[in-house]
1. Once label points are set 7 Å from the Cα along Cα→Cβ at both Glu290 and Lys48, what is their separation, rounded to one decimal in nm?
2. For the chain, take the longest principal axis of its alpha carbons; what is the angle in degrees between that and the long axis of helix 250-277, to the nearest 10 within 0 to 90?
3. Per residue of segment 299-315, what does 6.51 cos²θ - 1.76 cosθ + 1.60 with θ = phi - 60° give for ³J(HN,Hα)? Whole Hz please, x for Gly and Pro, Karplus curve as stated.
4. Would you mind checking the tilt of helix 72-85 against the longest principal axis of the Cα atoms of the chain, expressed as 0 to 90 degrees and rounded to 10?
5. Using modelled amide H (1.01 Å from N, peptide plane; none on Pro or chain starts), what sits under 5 Å from the amide H of Arg161, excluding residues fewer than 5 places away?
6. Relative to the first principal axis of the alpha-carbon coordinates of the chain, what is the inclination of helix 144-158, with its axis defined by its Cα atoms, in degrees from 0 to 90 and to the nearest 10?
7. When a/c reaches 1.5 or more, the comparison of a/b and b/c decides; with that in mind, is segment 202-285 rounded, prolate or oblate per its Cα gyration tensor?
8. Amide H of Asn216: which non-local residues (sequence gap of 5 or more, or other chain) have their own amide H closer than 5 Å, using H built in the peptide plane?
Amino acid sequence: MDGSEEDAVAADAGPALPRSLCDKVEVLRGRSLAVTELAGGLTNRNYKVATEDGTYVVRISGGATGALAIDRDSEYRNSVIAAESGVGAPVYAYLPEESALVIGYLDGHTFTDDDFGRPGVVERVATSCRRLHDGRRFVNDFDMFDLQRGYLDMVRRHGFRLPAGYLDFADDVERIRGALVVRRAPTVACNNDLLAGNFIDDGHRIRLIDYEYSGNNDACFELGNIWSECHLDDDQLELLVTTYYGEHLVNRIARARLWGLMSQYGWTLWASIQEATSDIDFAFWPWGLEKYERAVATFRGPVLDQLIADVQRDD
């Protein structure tokens with residue numbers, strides 16, 4: 001399919017994908033393209049692009065990359081590493097001047113929260129996480145404490161919305177930080193953003209996609225963030241952590257639970273920034289408030305002190 005630099009490839013929904021961009025990608029150049037915009041991206045527009053030779057996804061990042069502390073170069077390089085591990089999609093092109101990443105389309109079942117209730121799924125998720133974590137280290141690090149502080153500074157400087165009472169939990173956050181230092185393990189390559197839509201079951205293994213927030217991190221953050229993002233119950237979290245480590249460790253279950261709490265607290269501010277800056281049609285503020293309300297329930301509930309004690313145990 002030929003076209004001038006000004007031509008665009010029609011998509012089934014949303015803005016068209018520029019033909020000029022496709023012509024810069026070897027696997028798309030000069031080919032007939034069938035393009036469909038994929039739903040679900042909260043910081044990108046994602047296009048499924050089918051050719052006679054294969055099917056790909058073109059991810060066009062939004063304008064709030066800097067505000068959200070996303071490093072697109074690291075995303076690309078970590079995506080390559082994740083593909084090497086066998087859980088990420090293959091990477092075909094990175095066009096920083098176009099804010100575009102081209103990866104292989106993974107044909108399979110995209111998860112919803114309900115999938116975690118099916119027998120064997122939690123165990124398979126643990127296996128895929130372990131496969132990623134056991135692979136080559138990523139090119140950057142990720143720390144939710146640092147990210148949350150940066151987000152909070154931006155929200156306050158720009159006058160973005162802050163949930164009522166948000167700052168009341170600063171002392172609890174410092175207690176959690178101190179407790180997590182006690183049994184800290186070496187960091188591993190983590191996705192750090194595994195909401196249900198980032199799991200794809202290809203029939204052989206569960207694949208992990210979307211490496212915007214990837215970086216070397218505590219493995220228990222990955223597990224706790226899955227618990228939070230995918231709305232697992234405490235029994236499912238215990239199964240996830242126990243399968244991952246191959247034994248029942250009270251300190252690791254508590255560690256994942258505390259990291260899940262910190263992910264809720266931090267991603268709340270992500271939602272505030274997105275609500276103020278994003279042109280994507282999505283209800284960011286209610287999405288963030290749901291996380292915040294769950295975090296508040298833990299901060300103010302009876303379990304926090306026990307979690308802080310448990311995470312420092314030997315077993």
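1. Modelled inter-label distance: 2.3 nm.
2. That helix lies at roughly 50 degrees to the long axis.
3. Rounded to whole hertz, the list is 4, 9, x, x, 8, 4, 4, 5, 4, 5, 6, 5, 5, 9, 6, 7, 10.
4. So the inclination is approximately 80 degrees.
5. none
6. Helix 144-158 sits at roughly 70 degrees to that axis.
7. Because a/c hits 1.5 or more and a/b exceeds b/c, segment 202-285 counts as prolate.
8. Excluding prolines and chain starts, which carry no amide H, the hits are Phe138, Asn140, Asp141, Phe142, Cys190.
Only the coordinates and a few stated rules stand behind these numbers; no lab work does. Note that the structure is predicted; figures quoted are calculated from it, not measured. Don't worry about glycine lacking a Cβ; one is built from the backbone with ideal geometry, like all the others, and counts go over all protein chains shown.
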